[in-house]
Every structure is written in structure tokens, then in C-alpha cells.
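Below: the structure, in C-alpha cells.
The values are calculated or read from the model by the stated rules, or taken from the named source; none is laboratory data. For clarity, every value in this text was computed on a predicted model and none was experimentally measured. Cβ: placed from backbone, ideal geometry, glycine included. Neighbour counts: every protein chain shown. Surface accessibility is based on the protein's heavy atoms, side chains included, excluding ligands, DNA and RNA. Shrake-Rupley method; radii C 1.70, N 1.55, O 1.52, S 1.80 Å.
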Amino acid sequence: MREDLKKYSDFLQKIRTFFDNQSVLEVQTSALLNTPATDVYIDSLSMKLNQGIDLEQTRYLHTSPELEMKKLLANGSGDIYQICEVFRDNEQGSQNFNEFTMLEYYRLGFDIHQLMDDMVQLLKTLGIEGRVSKLSYAQAFFEYGDIDILNTDFAALKVIARTHSLSTDFEWIEDLQILLFTHLIEPKLKDLPLCFVYDYPAAQSALAIVEGKVSHRFELYINGVEVANGYDELRHANEYQIVFEQEIAKRRMLKKYTLDLNKGYLEAIQSSLPQCAGVAIGMVRLFSEINLK
Amino acid sequence: MANYSTSQFKNGLKLMLDGNPCSIISNEIRKPGKGQASNKVKLRDLITGKTLEKTFKSGESVEGADVMELDMQYLYNDGSEWNFMDPDTFEQYLINDDAMDDVRGYLVEQDMCVVTLWNDNPISVTPPNHVMLEVVDTDPGLKGDTAGTGGKPATMNTGVVVQVPLFISIGEKVKVDTRTNEYAGRS
């Protein structure tokens, strides 16, 4: 028991030393928020507070510390990282949980490629080494699926999905792209020890900067397991507003709970984020990769 | 028939797929960080016996198949149809000879079998795991060979051919495993 705890404690220590050596500051942000996440397929846990004193309020547990950390970035924090528990409702699958530990960090002046290099160094200090592959999303689809993902429209993708016995019951192209990636490409990544997939289709941009047909996002797969998700971060409040509004509209169409725009956040980043890249890493998935050895 | 949502999927659940009733063998859920969850499901087509794979979006619903498995006694066959009886209701079911291809060699009159009904029509029969069959033809074995090394083909009274030990001779009753078509001992 204590031995296992010690292993995890050492793992945390190494991460903290890694960031400390680069003057990346550890921060803590609030986990109990006024506004739920707007991601289309990530649901916040909500709760009623202060009912016993007739001051009932609804609050939401953070699904990621992203927006709270970005408030700090917009207000001059510089490089920061956080290790915290995050909470998500309606999670399913053998590798998904309602509560998990996330490491999230932001580096000023970095783009996603510099951030991927930095992550390789972080992984090395944790004892995770191995051949590093970098594939663009389009390359991955060409190589492992023989599909020109950036130039195939929704109708044509449905035909492809049908030939692979995959569902085609989707409202939006990005959902089908994700399904195809999960079931056709991801299984092929199992043989790659460390694989970064980057430059996702613009329709999957989330909060990453879009350039032409792609958004500058990446995911890290370790032996085929999705471990991290990073972005060249959007900088301006109006860009965030557009994404939030789109996500809220989609949630409404899917009859998921929705709330008004997160005005507090948009106000807090009025001065804009510095140019930066950030990434969220699933700590347990990362730790289990070390423990496999 | 009711529809089932992916959240109700479990092994053994019967669904309609491309017009055929299927039974779920495995159900794997995958939820990408930012994306929608999906269910990768392995099924057995109860008509063709084939295994197939299909991926659903989580939350999608699929029509259930009205499939029942009943213990029935095999009575007799008249050359074109096989007769079974539900021992509780004494109701008799006829199964066409074509549907019996994989199992006809293991059906012994009076034995209890599992009959799968789809919309109340029998579609398949599962014989007991072990049945007693009589050897009607086999080469004479070496005298004194009781170790059962090697083996020889033997034709049973039901027509099925099973590899048996050398010491088995015509007229003997042997136990056969219907799942593997292997000799499993003498009576």
C-alpha cells in the first residue's frame, strides 16, 4: 500500500521539479464554478448549495481548470501549471471516470510543436521514453485509413463509415470524423510508443487557433491510449464568445442542459491572453504507462 | 418489439440488424476526450451463425428482436421436418430440415435441446453438450489396444463421423461432445 503511494508521490514530485526548473508556477484555481462547461460532449456535475439557509444557488464542478487558468494568463500570470481533480458527468467506458486527476499547463510564446517537444522532455524525466512519432491528423488518416479527411465531405464520410459498419447517425461532420478516427485510426496507434497527432480539422477546433482547413491542436497517444490534448490557444474574448455560442447552440439541439454565455469569463479576459500553448494531461493514464514498465 | 438504447446493451441482448435477429457477444464503450461516446458491439447473427461487428453512437436506439430460448424435447424427424415438444405446454414445433445442418448429427430422440424461437418460429437448435451415439461403421481396431493411442474415424447412427480410439467397435455406444465433435468416453 505505502509503496504504491510512494510511487505516485515520487511521480508528482518529479513533475513539480520539472516545472520548477523552468520557472513554471504552480497555481490552484477554483473547482466550484458559477457556469458549467459549454463543450458539446462534456457535461458538468451540478449541485444546489446553501439550501439549508434559504440561499439556494446552483454551482458546477469544473470539468477542467482551463478557463480559470486562462483568466490568470490574461492577467499577467506568465507560465503556469496545475494538478487537480476534475469532474465530469455522464462519462462511460472502461477508461473514463466521473472524477480524475488532470495536469494542465500553459507556456507563453510556445506553439504546439514547441509544447510537444517540451512534453517529450517531461515524459523523459518521468521515465517514459521511446520512439516519438509525429503525424498530422491528415497524414494519420492517409496512412492508416486511406482517407483524405480534410477534403472529404459529410456525405462521402457517411458512405465510408457505412462500409466499416460504423454509425452514420450524426448531425455534424466533426462527430463522424471523431468516430472514424476512434475506430479506424486509433487501433493502429497501439504500436507507436509515443505518438503526437496534430492539426485537427477546423470543425474540431474547440478553443484552438484555426488556420485554413486545420486547427492547431494536438493529442498525445501513448501505446494507443489518448493521454493529452493541447492547443495553440485562442487569445481574444470575441473568439471565445463565438465558440461558446456555437457550443451552446449545439447542446441545445441535442437537448442537453444549457446556460447563458459565460460573461464573467469573457470580461475577465478582456485584455486578451498572451500568445501561448497549453495542454491537459490525464494523470492516471500517464502514471499507468509508467507502472507498466 | 421494444427498442433498446445503447445504455441498455449487455451480453445476450437480442437485436434486429439488417433484418436478422442477432445476439450481443460483447459491447465496448469508447469516449474520446472531446468527442461523443460510441459503442463497438460484437454480435452473432442467429440465422446465419456469423459473427459481425457494428459501431453505434452512444444513445442511439436499436429495435429489439423477439427471440426466446426454450428447453424442448426432440421427438422425431419425418425426412423433411424435425419435431420438438415444449414439455411444459406439450406444444409441438416443426423445424425445417435445412435449418438443421450443423446439429442433425447430434440429435437423439427424447433428448432435451435448446430451441431458439424468433417471432415464435424456431430458427436454431442447440443439442446437449454431450450425447450418446451408437457406432454403425468403423474399421476393426487392433486387439488388445486399450490405451486409446491414435484413433480412427467412426460413423455414428446419426450420420456424424467422430474420431474414436482404436478399441471401439461397431455396435458400441460412445459419448460425443457436440461442441467439438470429439469422443468423450464410453457408456
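Quick look at the values:
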read-out: Residues of the protein assembly as shown: accessible area per residue with a 1.4 Å probe, Å²; value: 49
read-out: Accessible surface, 1.4 Å probe, highest first, among residues A:Lys158, A:Lys188; value: A:Lys188, A:Lys158
read-out: Positive-end residue of B:Trp82, B:Ile170, A:Thr101, charge dipole of the protein assembly as shown with Cβ unit charges; value: A:Thr101
read-out: Test item: Cα-centred dipole of chain A, Lys/Arg +1 and Asp/Glu -1 on Cβ, debye; value: 340
read-out: Förster radius 51 Å - calculated FRET efficiency between A:Tyr8 and B:Asp86 (Cβ-Cβ, nearest 0.05); value: 0.30
read-out: Estimated distance in nm for a label pair at B:Glu69 and B:Val114, the labels positioned 7 Å out from Cα along Cα-to-Cβ; value: 0.2
read-out: Net dipole in debye of the range B:94-186 [+1 Lys, Arg Cβ; -1 Asp, Glu Cβ; about Cα centre; nearest 20]; value: 420
read-out: Added length on full extension, which subtracts the Cα-Cα distance from 0.36 nm per residue, A:Gln270 to A:Lys256; value: 2.2 nm
read-out: Cα-centred dipole magnitude for the range B:67-126, charges only on beta-carbon of K, R (+1) and D, E (-1), debye, nearest 20; value: 60
read-out: Rounded FRET efficiency, nearest 0.05, which uses the C-beta distance separating A:Gln241 from B:Asp18 and R0 of 51 Å; value: 0.65
read-out: Candidate residues A:Ser272, B:Ser80: accessible-area rank, largest first, probe 1.4 Å; value: B:Ser80, A:Ser272
read-out: Qualifying lysines (Cα of each under 21 Å from Cα of A:Lys124; at least 8 residues distant if same chain); value: A:Lys6, A:Lys7, A:Lys14, A:Lys134, A:Lys190, A:Lys293
read-out: Under the span-like rule (Cα at least 15 Å along the axis, Kyte-Doolittle mean at least -0.5), DSSP H helices of chain A; value: A:112-125
read-out: Dipole of the range A:1-82, positive direction: furthest Cα of A:Pro65, A:Phe11, A:Ile80, with charges on the beta-carbon; value: A:Phe11
read-out: C-alpha center-to-center spacing [the range A:123-192, the range B:8-33] in angstrom; value: 23
read-out: Förster-model FRET efficiency, 25 Å R0, B:Ser7 and B:Thr126, C-beta, rounded to 0.05; value: 0.25
read-out: Reachable aspartates and glutamates, given that their alpha-carbon falls under 14 Å from the alpha-carbon of B:Lys175 and they are not under 8 places away in the same chain; value: B:Asp111, B:Glu134
read-out: Label-point separation in nm, A:Ala249 to A:Ser46, each point 7 Å along Cα→Cβ; value: 2.2
read-out: Chain pair A, B: total accessible area buried, heavy atoms, 1.4 Å probe, Å²; value: 1900
read-out: Of all accessible heavy-atom area on the range B:3-63, the percent that carbon and sulfur account for (1.4 Å); value: 42
read-out: The range B:59-187, relative contact order in percent, only Cα pairs under 8 angstrom and at least six apart counted; value: 19
read-out: Positive dipole terminus of the range A:144-216, leading residue within A:Leu180, A:Val210, A:Ala155 (C-beta point charges); value: A:Leu180
read-out: Proximal lysines to A:Lys255, defined as alpha-carbon separation beneath 25 angstrom and excluding residues fewer than eight positions away on the same chain; value: A:Lys48, A:Lys158, A:Lys263, B:Lys31, B:Lys34, B:Lys40, B:Lys57
read-out: Virtual paramagnetic centre 7 Å along Cα→Cβ of A:Leu25, amide N under 17 Å, in the range A:100-123; value: A:104-109
read-out: Solvent-accessible area, 1.4 Å probe, carbon plus sulfur percent, for the range B:67-126; value: 44
read-out: Fluctuation leader among A:Leu108, A:Leu207, A:Leu254 - chain A, Gaussian network, Cα springs under 10 angstrom; value: A:Leu254
read-out: Stokes-Einstein D in µm²/s, Kirkwood radius over Cα pairs - the protein assembly as shown at 25 °C with 0.890 mPa s viscosity; value: 91
